[in-house]
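These notes are about the structure you will find just below.
The values are calculated or read from the model by the stated rules, or taken from the named source; none is laboratory data. Bear in mind that the values here come from a model prediction, so they are computed numbers and not experimental data. Don't worry about glycine lacking a Cβ; one is built from the backbone with ideal geometry, like all the others, and counts go over all protein chains shown. Calculation scope for accessible area: heavy atoms of the full protein, side chains included, ligands and nucleic acids excluded. Shrake-Rupley method; radii C 1.70, N 1.55, O 1.52, S 1.80 Å.
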Amino acid sequence: MATAGICWDLAKAALRAQMEYRANFLVGILAGVVWQVTGFFTIWVILSRFHSIGGWTLGEIAFLYGLRLTAHGLWVVPFARLIDMDYMVREGEFDRFLIRPLNPMLQIITSRLRIAALGDLVGGVVLLSAASAKAGVDWSPVALVYLILVLIGGALAEAALQIGCAALSFRFLDTGGLRFLIDDAFNKFGGYPLKIFSGGMQFFLTWIVPMAFVAYLPAAVLLGRTGELRVSPVVAYLAPLVGLIWFVAAWRIWSWQSRNYQSSGH
Amino acid sequence: MPIITADNLVKEFRLPKRYGGPLGGLRTLFTPAYTVKRAVDGVSFTVDEGELVGYLGPNGAGKSTTIKMLTGILVPTSGMLEVAGLVPWERREENALRIGVVFGQRSQLWWDLPLIDSLRLVGKLYRVPAERYRRNLDRFTELLGLGAFLQTPVRQLSLGQRMRGDLAAAMLYEPPLLYLDEPTVGLDVLAKERMRSFIAEVNREHGTTIILTTHDLADVEKLCRRIIFIDQGKVLYDGPVQRLKEQFAPWRELVVQLVPDGGELPPDELFDLPGVEVARREGAKVWLRFDPKLIPAPRLIAQVTARCPVSDLAIVEPELAGVVRGIYAEREAALTP
């Protein structure tokens, strides 16, 4: 509990520090919203021509997209600082996290929050609520709890990939390209029902990279579309757990790899 | 009781082998070959509680690498290290609670926040009880003269102010161990003096064990009783400051102010005595370097005054800086083929 208190204090300090640059702060939030709206707009344009993608209607696609966006916002607000991982390792900035009595990852997370990503979160929630009415989701209490778990699980799954990638920084110093690739892939593919892709691709996005567990499988559960899945419905129900497992594994790998940290200068 | 025991510490850095020429970059990318650089090569020492040790060496000698292993930042390639009963990198967070670290080259403070915020956060991180925090803050604010800029964002502080802030942050939780890596680098004379008196005070009053690396030998002469001198990753000397001088600079110097005899100054040959050489000469002022074992100072003075009229005499002990310069020069000579 003491750890949570310290993290909270550090996060507040990070926020105060960011407020020192107010203009940047406000522009950042605005840019975040605009960026995500454009993303959905692309899909909307496609849908207005074809009316459905893989049998999913506009409402259903919007629901899927909202699910992904909210999960994305949930991971990216606290973990934004991972973007600077290469820099921190290469320049020796990581030193400071190792000489303080707190888990280094917790220190990284709390050293900067990406407020701009709140745009993702807000956009995601708005889209999700609007679309769930249109797509006709049956909101039983169980479904609501499942939704919350799924959002957290999705955030953890995406965070896991980025943390695993950041773990490579300790050895290879430059992983920016790979990280951008992952982010871009989630952005481009995550918002579509994965059934429109080939079987091999679906397998890859389910078992090699856990993208399917972020939005597609949970959305299929909530929309009553589990019949069309290539995996057993049980797997879809367990989506939050998959995110958690990936996250724990990635965290472990990261901590283990941090022993390879070489600092800078000798 | 030693608080630090280092036994045969080794740290190697592996760098991918680089290739030049066309497609060299591509070859570098895929090569399995590494070049190994041994930054620390079998360093052993112990430090007792309450000691203030100067850790010296030329650039690239392995000083910072050693400090980084002591603090738990780096994991050694081999060897044993125990700090206050812990292996630093294995129980990093516990170790962190017991050490204060100041890097002269890199501030540990929160760059965009007022100094007081950094101190407050450090107090929280190290779980300092409110009352003790208050007391230490007041004390260090006074000792280091922080009052005038406690509310200033760290990025707007001068280097001297920032270093004082860093020192206060490192001592706020009264760690039994303090590592100072070049804490006076880039500071002006006055700021250096202030840092030194604070370091001495902390060592004396709190019994804090301090390891200090520096290039400013005045720091060492004023603060440390013991020096560990390393070069190319190996310990060259470990012992009292005084003995380093005796070992590497066993000579002393007699500064003689000559009186021109009928307008003529005596030539250097006049001082041709066993165990004596002219180290420097500026007109009527001569620096005679002599070995006290071959010719004791009183006899040298008697011989000199017998040979020519003298208006002033002074015996000078070698300065540490001069001694170290000598060691560096010897090493350069040994390395040049």
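Close amide H partners of B:Gly100, meaning residues 5 or more places away or on another chain with modelled amide H under 5 Å apart, are B:Leu177, B:Leu178, B:Tyr179. For the stretch A:28-176, the calculated P(r) over all alpha carbon pairs, in 10 Å bins from 0 to the bin holding the longest distance, is 11, 32, 30, 18, 8, 1 percent.
Structural descriptor for chain A: relative contact order 27 percent, calculated from alpha carbon pairs under 8 angstrom and at least 6 residues apart.
Can you flag which of B:Lys63/B:Lys234; A:Lys134/A:Lys188; B:Lys37/B:Lys68; B:Lys234/B:Lys293 are past 20 Å Cα-Cα? Beyond 20 Å between Cα atoms: A:Lys134/A:Lys188; B:Lys234/B:Lys293.
Charge tally around B:Leu125: other residues with Cβ under 9 Å, Lys/Arg +1 each, Asp/Glu -1 each, net +2.
Candidate cross-link partners of A:Lys195 among the aspartates and glutamates, defined by an alpha-carbon separation under 15 Å and a same-chain spacing of 8 or more, comprise A:Glu60, A:Glu228. Here r is the Cβ-Cβ distance between B:Glu269 and B:Lys293 and R0 is 22 Å; the resulting FRET efficiency, rounded to 0.05, is 0.40.
Note: chain B, Cα convex hull, 223 Å³ per residue.
Give the shape of the protein assembly as shown as rounded, prolate or oblate, defined through the alpha-carbon gyration tensor: a ≥ b ≥ c are the square roots of its eigenvalues, a/c under 1.5 means rounded, and otherwise the shape is prolate if a/b is larger than b/c and oblate if not. Cα axes put the protein assembly as shown in the prolate bin.
Does the stretch A:111-159 come out rounded, prolate or oblate by the C-alpha gyration tensor, with a ≥ b ≥ c the root eigenvalues, rounded set by a/c under 1.5 and, if not, prolate when a/b is larger than b/c and oblate if not? Oblate shape, in that a/c is at least 1.5 and b/c is the bigger or equal ratio.
For the stretch B:19-154, what class follows from the C-alpha gyration tensor (a ≥ b ≥ c being the square roots of its eigenvalues): rounded when a/c is under 1.5, otherwise prolate if a/b is larger than b/c, else oblate? Verdict is prolate for the stretch B:19-154. Counts of other chain beta carbons within 10 angstrom of each beta carbon in peptide A:101-113 average 2. The relative contact order of chain B comes to 18 percent, based on Cα pairs under 8 Å that sit 6 or more residues apart. Karplus-derived 3J(HN,Hα) values for the stretch B:246-253, using 6.51 cos²θ - 1.76 cosθ + 1.60 with θ = phi - 60°, are 4, 6, 9, 9, x, 8, 10, 10 Hz; glycine and proline are entered as x.
Counting only protein heavy atoms and a 1.4 Å probe, the protein assembly as shown has 47 square angstrom of accessible area per residue.
Largest mean-square fluctuation among B:Val40, B:Val83, B:Val286, in a Gaussian network model of chain B whose springs join Cα atoms under 10 Å apart, belongs to B:Val286. Rounded to whole numbers, the Karplus 3J(HN,Hα) couplings from phi for the stretch A:62-69 are 4, 4, 4, 5, x, 4, 5, 5 Hz, using 6.51 cos²θ - 1.76 cosθ + 1.60 with θ = phi - 60°, and x at Gly and Pro. Counting only other chain Cβ atoms within 10 Å of each residue's Cβ, the peptide B:64-75 averages 4.
Between the alpha-carbon centres of the stretch B:150-171 and the stretch A:1-65 there is a gap of 37 Å. Only DSSP H runs of four or more residues enter the estimate; each adds -39500 (n - 2.57), and after division by the residues of chain A the mean residue ellipticity at 222 nm equals -22500 deg cm²/dmol. Near the amide H of A:Val137, within less than 5 Å, lie no amide hydrogens of residues on another chain or at least 5 residues away, with H placed in the peptide plane. Each label point was placed 7 Å from the Cα along the Cα-to-Cβ direction; for B:Val259 and A:Trp35 their separation is 8.6 nm. Accessible surface buried at the B:A interface totals approximately 3000 Å², computed with a 1.4 Å probe on protein heavy atoms. Near A:Ile196, once Lys and Arg are set to +1 and Asp and Glu to -1 for all other residues with Cβ below 14 Å from its Cβ, the sum equals +2. In chain B, the calculated helix contribution to ellipticity at 222 nm averages -11000 deg cm²/dmol per residue, counting -39,500 (n - 2.57) for every DSSP H run with n ≥ 4.
Averaging the sequence gap over all C-alpha pairs within less than 8 Å and six or more residues apart, then dividing by the number of residues, gives the stretch B:233-334 a relative contact order of 37 percent.
One decimal place: the segment B:Tyr328-B:His206 gains 40.4 nm when fully extended, by the rule 0.36 nm per residue minus the C-alpha distance. Tell me the angle of helix A:118-135 to the major Cα principal axis of chain A, expressed in degrees between 0 and 90 and rounded to the nearest ten. The angle comes out at about 10 degrees. In the stretch B:108-135, burial by the other protein chains removes 20 Å² or more of accessible area from B:Gln108, B:Trp110, B:Asp112, B:Leu113, B:Asp117, B:Leu121, B:Lys124, B:Leu125, B:Tyr126, B:Arg127, compared with the chain on its own (1.4 Å probe, ligands and nucleic acids ignored). Spin-label model, B:Gln151/B:Thr35: points 7 Å from Cα along the beta carbon direction are separated by 5.4 nm. In this structure the amide hydrogen of B:Tyr237, modeled in the peptide plane, comes within under 5 Å of the amide hydrogens of B:Phe229, none closer than 5 places in sequence on its chain. Of all lysines in the structure, those lying under 23 Å Cα to Cα from A:Lys12, and not within fewer than 8 positions of it along the same chain, are B:Lys124. Couplings 3J(HN,Hα) of the stretch B:50-60, computed from phi: x, 6, 10, 10, x, 10, 10, x, x, 4, x Hz, in residue order, whole Hz [Karplus 6.51 cos²θ - 1.76 cosθ + 1.60, θ = phi - 60°; x for Gly and Pro].
Each 5 Å bin from 0 upward holds the following percent of the Cα-Cα pairs of the stretch B:250-317: 3, 18, 35, 27, 13, 4, 1, 0. Projecting label points 7 angstrom from Cα along Cα→Cβ for B:Arg132 and B:Asp312 puts them 5.4 nm apart.
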